[in-house]
Amino acid sequence: MAGSVLSDTEAQRSGYPNGKRGGWITFPFMIVTLLGLSITSFGWVMNLIVFLIEEFNIKNIAAAQISNVANGCLSILPLVAAILADSFFGNIPVISASAFISLIGILLLTLISSLDYLRPRQCETGSILCQSPSKLQLGILYAALALVTTGAGGTRFTLASAGANQYEKPKDQGSFFNLYFLSLYAGAITGATAIVYTQDNASWKLGFGLCAVANLVSFIVFVYGKKLYRHDKPMGSPFTSLIRVAVAATVKRKAVVSSKQEDYHSGLEIETEISDAMPSKSFRFLNRAALKTKDDSVNSTWRLCSVQEVEDFKAILRVLPLWLSIIFVSTPMVMQTSLMVLQALLTDRGLGLHFKVPAGSLQVIILISASIFIIMNNWFVYPLCHKLTHKPLTPLQKVGIGHVFTILSMSISAAVEAKRLKTVENEHPMSVLWLFPPLVIMGIGEAFQFPGNIQFFYGEFPESLKNTATSLTSLVIGISFYMSTALIDLMQKTTKWLPDDINHGRVDNVYWLLVIVGILNFVYFLVCSWFYKYRNIQGDNEQVPKDVST
C-alpha cells in the first residue's frame, strides 16, 4: 500500500491508534461522496438526448451523436485523472478538485435551463421549422458539458482506487469493490429515475438544481473526511520507467539474452541478496533491458532497468489483447443504449392512467438488473460455482460470461425492433415494456463483465499504476462511445438503416450486424483468455504465484 504523506502525530489526533489511517471508518465518507456524484452525473447524462432535442431543437441522430461524444469524454477522462493521481498529486487531491469542477458545471447547466436567452426558442406545435441554437448558446452548452464531464471523469474511478487503498487485506478490498459498484448503481438509479422524472414532468431547472445540491453535499462530505483517509504518495510518472524499458531493450537489441540470474539487474544495491531476480521467459526481447553489459552502470537508467520494471512492462503488454476485446464488446453495448432511447420515444410509454415512462430513464432497467445480479453473483452464483468446480471463477471467466449475455441481449433487441416496425405499419405503437427484456439481459451481462474487468486490471497492473488500472475499464467505454459515433455515421452514409426518423429505417439490421461483431469478438476473447497467464490473481481473493496459467 502507498505510504501516508501525513505524520503519525497528525494521524493520532484523528483518532487512529498507532498513527494509522484508513480502514472501514472512511467508508461512509467515500460512499456518500460516490452517491452524490453518481446522482449528479447520471442525472444529466441519462436524459441528455431528450434535453438536446426538446430544449435545443437538435435532430434525433445528431443528439445521439453529441450524447455519445459526452459519454466518451466522461469515460476517457478517468484515465487522465488516474495518471495525474499516480504520477503527481495523489488521488485525494484529484477527487477534491474534480468534485468542485463538477459542481461548477452542473450549476452552469442549471443556469442554462433557467434563462430563456441561453436556449433557442421552442418549436411551435406541428411545425417542422425550428430555430437552431446560436453559436453563443452552443458554446455555453458545450462549456457546461465539458465541466461536468471533467468533474465526473476525475472522480468516478479514482474513488474506486482511493477507497481500495484504505484497506490492507485483499478480502476487504474485494468487499469494498462490491459495495462500490452497488453504491454507484444506487446513485445512477436515483439520477435516472427521480432526477429524470423531475426534468420531464416538473422542469429542467429543478432537475439540474437537485443535481447541484447532490454535488455540493458530496463535495463537502469528502473534504470533511480528508483527515481520516490514508493518502497515497505519488511515485512520479510510472510511464517513464515503461519508456526506459523499451529504450534500453532497443539499445541492447544485439546483446545475447542470458539464462543466469546474476547477469540481470535486480534494482537493489546488493545483488546477492535478491531472490527471484530472473526475468520471465515471455517477451524475451525485453529482458535485455535488465541485462548487465560492460557498457552499463547502475546510474545509466536509460540503458539498464531492473527486473521488476521489465516485468511491469510485460504485464501491460499481456493485458493489451484482452483490453482490445473489451472495446469491441463495449461498442455494441453503447450503440444499443443510445438507439433504445430513440426507440422508446416512438413507443407507447404510458403505464396506467397517469404515469409515462421517461425515455431517458429506460436505461435504469440495466442498472437495476446489474445491481440485483451483482448481489446474486456474490451471495449465490460465485459460491455455487466454487462449490461445484472446487475453484473460484477467474476475472476473465466472469468477463466471458458477460460477453455471452451481451450478444443475447442484442439478438433480442433485433427481434423486438422488427416487431416494433410492424406495429408502425399498423399505426398502433408498441408498448415500451417490450424494450425491457433486452435491457434486463444487458444488465446481467454488465454485472459479470464490469466488476470482472475492474478486478482483472487492478490485480494484473503494477503497484505504481493502480489508479490507472481501475480507470482502464472506463477508458474502454469511452473509446467505445467514439467508435459507436463513427459507426453510426458510417451506417448513415452507406445504408438507409438509420434515418432521423427510425420508423423509416432498419434498426433491427443494425442490431443483427452488432450480433455478428459480438460473436467474432467473443471467439477472439476466448483465444486471448486461453493463452493468458495471470500475474497476481486467480479468482476471488485467491493469490497465486506469477505466471500461473488460467
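The values are calculated or read from the model by the stated rules, or taken from the named source; none is laboratory data. Model, not experiment: these values are computed from the prediction. Positions of Cβ are generated from backbone atoms using ideal geometry, with glycine treated the same way; all protein chains shown enter the neighbour counts. These accessible areas exclude ligands, DNA and RNA; they are computed on the full protein's heavy atoms, side chains included. Shrake-Rupley method; radii C 1.70, N 1.55, O 1.52, S 1.80 Å.
Ligands, DNA and RNA are left out, and with a 1.4 angstrom probe the accessible area of the chain is 44 Å² per residue.
Near Ala246, once Lys and Arg are set to +1 and Asp and Glu to -1 for all other residues with Cβ below 13 Å from its Cβ, the sum equals +4.
What a 1.4 Å probe finds exposed on the chain is 65% carbon and sulfur by accessible area, rounded to a whole percent. Taking packing as the residue-averaged number of other Cβ atoms within 10 angstrom, the listed peptides 243-256, 422-435, 143-156 run from highest to lowest as 143-156, 243-256, 422-435. Remark on Asp348: its backbone amide H falls under 5 Å from those of Met430, Ser431, Val432, a criterion applied only to residues 5 or more positions apart or on other chains, H modelled at 1.01 Å from N. Can you give the angle from 0 to 90° between the axis of helix 204-224 and the longest principal axis of the chain, with both taken from C-alpha atoms, to the nearest 10? Approximately 20 degrees, to the nearest 10. The phi-based Karplus calculation (6.51 cos²θ - 1.76 cosθ + 1.60; θ = phi - 60°) puts the 3J(HN,Hα) values of segment 198-203 at 5, 5, 7, 10, 10, 6 Hz, whole numbers, x for Gly and Pro. A simple rule links phi to the HN-Hα coupling: the Karplus curve 6.51 cos²θ - 1.76 cosθ + 1.60 with θ = phi - 60°, which for segment 110-122 gives 4, 5, 4, 6, 8, 9, 4, 6, 8, 9, x, 5, 5 Hz, with x for Gly and Pro.
For segment 433-450, no residue has its backbone nitrogen under 12 Å from a point 7 Å from the Cα of Leu388, taken along Cα to Cβ.
Taking amide H as placed 1.01 Å from N in the peptide plane, Tyr534 has its amide H under 5 Å from the amide H of Val548, Thr550, each at least 5 places away in sequence or on another chain. Here the Karplus relation 6.51 cos²θ - 1.76 cosθ + 1.60, evaluated at θ = phi - 60°, turns the backbone of segment 322-329 into coupling constants of 6, 4, 5, 5, 5, 4, 6, 8 Hz, with x for every Gly and Pro.
Principal-axis analysis of the Cα atoms of the chain puts helix 364-376 at an angle of about 40° to the longest axis.
To the nearest ten degrees, helix 436-460 and the longest principal axis of the Cα atoms of the chain are 20 degrees apart. In this structure Cys73 has an accessible area near 50 Å², from a 1.4 Å probe over the protein heavy atoms. Between Lys356 and Leu351, the built amide H atoms are under 5 Å apart, and every one of these is 5 or more places off in sequence or on another chain.
Take Phe283 and Lys356, extend 7 Å from each Cα along the Cα→Cβ direction, and tell me the distance between the two endpoints in nm. According to this spin-label approximation, the distance is 5.5 nm.
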